[in-house]
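Structure, as structure tokens:
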Amino acid sequence: MEAENLYREETYTDRRVGSLQILTPVNSDGTDDSTRQQLYVGQTQILTPAGALPLSFELEATTMKEAIEKFGEGAKVALSEAMQRLEEMRREASSSIIVPGSEGSPGGTAGQGMQFP
């Protein structure tokens, strides 16, 4: 563990929409480290046809109240970014499908690309 990068975690939830995690920086002896700022992380999940999609997103806030106010917008941004990543993964997967008989694929035209003496 990195002794200079320790945090105490506190989790709050409304038991409906999601949870808010507050990460308080601490020193290696467990005392609060006032030289670093608290971090606020929102967590929720979106139900999709493939199942629950967990979302976790950092909130730019200095108080718990501010983090709660920014939770909804943070979740929307995280969902948008997740959907973009999924679309990129889908495009990459579809472009890497090997079609029998296509150039350079195993099982293509016999001798294609081979040189004989």
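A short reminder: the numbers here are calculations on the coordinates, not readings from a lab. The structure presented is a predicted model; accordingly, all values stated were derived computationally and were not measured. Note that each Cβ is placed from the backbone with ideal geometry, even for glycine, and that neighbours are counted across all protein chains shown.
Peptides 47-53, 61-67 ranked from most to least packed give 61-67, 47-53, packing being the mean of other C-beta atoms within 10 angstrom over each peptide's residues. Ordering Q37, V17, G74 by Cα displacement along the dipole of the range 3-82 toward the positive end leaves V17 in first place; charges were set at the Cβ atoms of Lys, Arg (+1) and Asp, Glu (-1).
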